[in-house]
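Notes for the one structure printed next.
The values are calculated or read from the model by the stated rules, or taken from the named source; none is laboratory data. Source: prediction; values computed, not measured. Cβ coordinates were reconstructed from backbone atoms using ideal geometry, including for glycine residues, and neighbour counts include every protein chain displayed. Just the protein is used for accessible areas: all its heavy atoms, side chains included, with ligands, DNA and RNA removed. Shrake-Rupley method; radii C 1.70, N 1.55, O 1.52, S 1.80 Å.
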Amino acid sequence: MKRIAMGVDPGKKGFITFLSEGGEVIEYVPLLEDPNSKYIDFTHLRKIFKEVTADPNKKIHCVIEDVHSIPGSSAQSNFNFGYIVGALEELLKSFEIPFTKVAPKTWQKEMWQGVALKKKLSSTGKTQVNDTKAMSLEAAKRLFPREDFRRTTRATNPDDNKVDSLLMAEYCRRKFL
């Protein structure tokens with residue numbers, strides 16, 4: 001039986017990453033398939049989930065980031081974010097893909113082992129806070145040195161959503177496969 005780990009970084013610019021039980025990347029799927037659209041194409045995601053679950057010899061487990069409202073964001077942004085998370089959970093349920101919601105601090109603690117603490121100035125510019133994006137990127141580069149973390153081949157910078165979905169898939173592989 002093939003076992004597949006799935007990591008979901010929810011959000012409008014989120015990603016889904018599929019990993020084999022041996023830790024090889026199978027596929028990255030951006031939640032926003034059309035970069036010109038403002039909306040997630042759930043029809044496209046249903047198609048991907050259908051393809052992934054078509055083989056009865058595959059066992060899939062998913063880790064989805066257990067996130068809450070974002071302080072400082074508008075009510076509309078928080079509502080949209082919650083809508084995306086709820087819709088993703090329902091898709092997982094409808095395709096009978098077992099999933100576990102994991103708090104960011106939980107998967108980050110596991111994935112950041114061996115990564116030096118990085119700091120940045122807070123949004124107020126008065127205090128130092130952990131630079132979670134930089135720490136995740138360093139962890140991903142260490143664990144997956146041959147992966148391209150850019151959103152597209154035309155992008156110049158790594159995409160933190162893609163990085164996080166990969167690290168969550170690896171967390172899923174370690175803990176649930």
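Remarks
- The gain in end-to-end length when the PHE42 to THR106 segment is fully stretched comes to 20.3 nm, 0.36 nm per residue minus the alpha carbon separation.
- The order of the peptides 12-21, 106-115, 39-48, 124-133 by mean Cβ neighbours within 10 Å, most packed first, is 12-21, 106-115, 39-48, 124-133.
- Extension gain, LEU143 to LYS93, is 15.0 nm, computed as 0.36 nm per intervening residue step minus the present C-alpha separation.
- Accessible area (Å², per residue) of region 1-131, counting only protein heavy atoms and a probe of 1.4 Å: 59 Å²
- Theoretical FRET efficiency, 1/(1+(r/R0)^6), r = Cβ-Cβ of THR153 and THR132, R0 30 Å, to 0.05: 0.70
- Probe 1.4 Å, all protein chains present, accessible-area order of GLU51, GLU96, largest first: GLU96, GLU51
- Measuring nothing but protein heavy atoms, the accessible surface of the chain at 1.4 Å probe radius is 51 percent carbon and sulfur.
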